[in-house]
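Data first, discussion second: the structure below is written as structure tokens.
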Amino acid sequence: MDTDPQGARDDRRSETEMERADRRWQEVIQEIRVVQTGVQILLGFLLTVVFTPLFQGLSQTDKTIYIVTVVLGSLATGALIGPVAFHRIVSGRRIKPQAVVWASRLTFIGIVLLLATLTSALLLILRVATDDTYVPWLVAGVLAWYLLCWFALPLWVRVRYTSQEE
């Protein structure tokens, strides 16, 4: 159990609910800084592709993959910037614990959308750069790696090292 009967302090860290919310907010912001830079660079690159001469020569399938990739990148960017706007709008309203929960949710959604963006971008790039017969296998391998690093390993560690008392 996280708090005493009055709900004031976390037993493990000796912090109040507001101190915990402040700490968790800083953690979320740090996480967003890491992924936001990557997704913004990727989206910036994707937005320029349509203006290159090579783009006009792409098949309709590749153009569709491109459009899906740009939309996914835009959605990921929105989800990852969302917590900052969310904080700005609710700041000073004494609801930081709830704001942290929603910011965490938006960040997780942004990470999932980033996963989809990277996979889609890789699919497009490899379709243009190499033999189509290898592309599904390469993309599936990279996707499996992302899933392992981003979800499977953290979930395994969470289950393995989280005590049953919590």
Top-ranked residue in the range 126-144 [being open to solvent by less than 60 Å² (accessible area, probe 1.4 Å) and assigned to a helix (DSSP H, G or I); ranked as nearest to residue 58 (Cα to Cα)]: 126
Count of the range 83-120 residues which are in a helix (DSSP H, G or I), open to solvent by less than 70 Å² (accessible area, probe 1.4 Å) and without any contact (Cβ under 8 Å) to a residue 40 or more places away in the chain: 8
Single condition residue 1 does not satisfy, out of (1) modelled with pLDDT under 95; (2) over 23 Å from the mean Cα position of the chain (by Cα); (3) farther than 29 Å from residue 91 by Cα: (3)
Matching residues, the range 145-166, being open to solvent by less than 80 Å² (accessible area, probe 1.4 Å) and assigned to a loop (DSSP other than H, G, I, E, B): 162, 163
Number of the exception - residue 51 against (1) among the hydrophobic types (A, V, I, L, M, F, W, C); (2) part of a loop (DSSP other than H, G, I, E, B); (3) surrounded by 18 or more Cβ atoms within 10 Å (Cβ to Cβ): (3)
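The rows are residues; the columns are (1) modelled with pLDDT of 95 or more; (2) of a type outside the set (Gly, Ala, Ser).
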site: 54; (1), (2): no, yes
site: 63; (1), (2): yes, yes
site: 68; (1), (2): yes, yes
site: 90; (1), (2): no, yes
site: 103; (1), (2): no, no
site: 120; (1), (2): yes, no
site: 129; (1), (2): no, no
site: 157; (1), (2): yes, yes
site: 162; (1), (2): no, yes
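The values are calculated or read from the model by the stated rules, or taken from the named source; none is laboratory data. Because the structure is a prediction, the values reported are computed rather than measured. Neighbour counts are summed over all protein chains in view; Cβ atoms, including those assigned to glycine, are modelled from backbone coordinates with ideal geometry. The area values use the complete protein model at the heavy-atom level, side chains included, leaving out ligands, DNA and RNA. Shrake-Rupley method; radii C 1.70, N 1.55, O 1.52, S 1.80 Å.
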